[in-house]
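Student: I have a structure I would like to understand better, so I am pasting it below and will then ask my questions one at a time.
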Amino acid sequence: MSIINSMLSALTTDKQRGALLRRIDAGKDAFLRRGVSPFDKLLVEPEVAESWIASKQAGVNPYVLENMDVTSSEELAERRHANRALLAIIGKTLEKHADVIEKMTSVVFFADADGMVLLLAEGGVTNAAFRQFGTRVGGVWSEEVTGTSAIALCVKHRTLIQLVGPEHFQVSMQDHLTTAAPIFADDGALLGVIATTTLHNKVGS
């Protein structure tokens, strides 16, 4: 199972995709500003629409990102220590492919089962381009803190997630494409999420 916008993936041209993304953006704006249900004219997957509603009910501000300073250094250190074995494996893998990652306009990162980013590898972009919307070690991507995101939905539904531009709850992610995949222990417990966020300047254009 995966949660990827089936209408968007069925389109074949940038013009078609751009038109749909503008409709999604308008639909989300109508929901945020006027309370129009995203199910009235469903343009996203049901899980995304449900997450928009849950995010709004949780009081998440879609216009001001608030996950930048929610993690203390002590808590971050504790979580990194608790996940040290997995972080070591992921870190070695990222180091092995560092030359490829450096050429990407992306950030690759690992978040724990609560959506806290514990490890991050940046591509050939300025740090500010991504840190302005909270993709940094210690940032928290949960539905209650940042609203609908690929990481939050991956933790919630334990499956592959891809969100494009306005499908994210945060308006600051209008130009980003994010894909997140769950990592499980042998007993089926969710260990965390490996994700990539890519600057995608044509999203919604």
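The values are calculated or read from the model by the stated rules, or taken from the named source; none is laboratory data. The shown structure was predicted, so the numbers you read here are calculated from the model rather than taken from an experiment. No Cβ is skipped: glycine too gets one built from the backbone with ideal geometry, and neighbour counts run over all protein chains shown. Surface areas here come from the heavy atoms of the whole protein model, side chains and all, with no ligands, DNA or RNA. Shrake-Rupley method; radii C 1.70, N 1.55, O 1.52, S 1.80 Å.
Student: Go through segment 40-82 and give me each residue that's open to solvent by 60 Å² or more (accessible area, probe 1.4 Å), touching a Leu at 6+ places or on another chain (Cβ under 8 Å) and hydroxyl-bearing (Ser, Thr, Tyr).
Tutor: Matches in segment 40-82: none.
Student: Mind telling me which of the residues Val48, Val100 ends up being within 27 Å of Ile4 (Cα to Cα), assigned to a helix (DSSP H, G or I), modelled with pLDDT of 95 or more and not aromatic (Phe, Trp, Tyr)?
Tutor: Val48
Student: I'd like to know if segment 30-39 contains one or more residues that are in contact with a strand residue (DSSP E or B) (Cβ under 9 Å, 6 or more places away or on another chain) and either surrounded by fewer than 15 Cβ atoms within 10 Å (Cβ to Cβ) or not in a loop (DSSP other than H, G, I, E, B) (or both).
Tutor: Scanning segment 30-39 turns up no residue that is in contact with a strand residue (DSSP E or B) (Cβ under 9 Å, 6 or more places away or on another chain) and either surrounded by fewer than 15 Cβ atoms within 10 Å (Cβ to Cβ) or not in a loop (DSSP other than H, G, I, E, B) (or both).
Student: Now for a different question. How many of the residues making up segment 152-190 are in contact with a Leu (Cβ under 9 Å, 6 or more places away or on another chain), open to solvent by 10 Å² or more (accessible area, probe 1.4 Å) and free of Cβ contacts under 8 Å to residues at least 40 places away in the same chain?
Tutor: 8
Student: Go through Ile183, Ile194 for me and flag whichever is farther than 26 Å from Lys56 by Cα and part of a strand (DSSP E or B). Steps first, answer last, please.
Tutor: On the way: Ile194 fails: farther than 26 Å from Lys56 by Cα.
Ile183 is the lone residue from the list that is farther than 26 Å from Lys56 by Cα and part of a strand (DSSP E or B).
Student: Which one is surrounded by the fewest Cβ atoms within 10 Å (Cβ to Cβ), of the residues in segment 1-17 that are in a helix (DSSP H, G or I) and within 20 Å of the chain's Cα centre (by Cα)?
Tutor: This residue is Ser6.
Student: List pairs: first residue in segment 23-36 and in contact (Cβ under 8 Å) with a residue 40 or more places away in the chain, second residue assigned to a helix (DSSP H, G or I) anywhere in the structure, Cβ distance under 7 angstrom, at least six positions apart or on different chains.
Tutor: From segment 23-36, the pairs are Ile24/Pro166; Ile24/Glu167; Asp25/Pro166; Lys28/Trp52; Lys28/Pro166.
Student: On the basis of being closer than 28 Å to Asp114 by Cα, out of contact with any His (no Cβ under 7 Å at 6 or more places or on another chain) and of a type in the set (A, V, I, L, M), does Ala82 make the cut?
Tutor: Here the answer is yes, as Ala82 does meet what is asked.
Student: Scan segment 69-87 and tell me whether some residue there is under 20 Å from Ser172 (Cα atoms), touching a strand residue (DSSP E or B) at 6+ places or on another chain (Cβ under 7 Å) and modelled with pLDDT under 95.
Tutor: Residues of segment 69-87 under 20 Å from Ser172 (Cα atoms): 69-70.
So of that shortlist, the ones also touching a strand residue (DSSP E or B) at 6+ places or on another chain (Cβ under 7 Å) come out as 70.
In the following step, the residues that additionally are modelled with pLDDT under 95 were identified as 70.
Yes, there is a match, as at least one residue in segment 69-87 is under 20 Å from Ser172 (Cα atoms), touching a strand residue (DSSP E or B) at 6+ places or on another chain (Cβ under 7 Å) and modelled with pLDDT under 95.
Student: On to the next question. Say we look at segment 113-151 and pick out the residues that are outside any loop (DSSP other than H, G, I, E, B) and open to solvent by less than 10 Å² (accessible area, probe 1.4 Å); which of these is modelled with the lowest pLDDT?
Tutor: Ranking the qualifying residues of segment 113-151, first place goes to Phe130.
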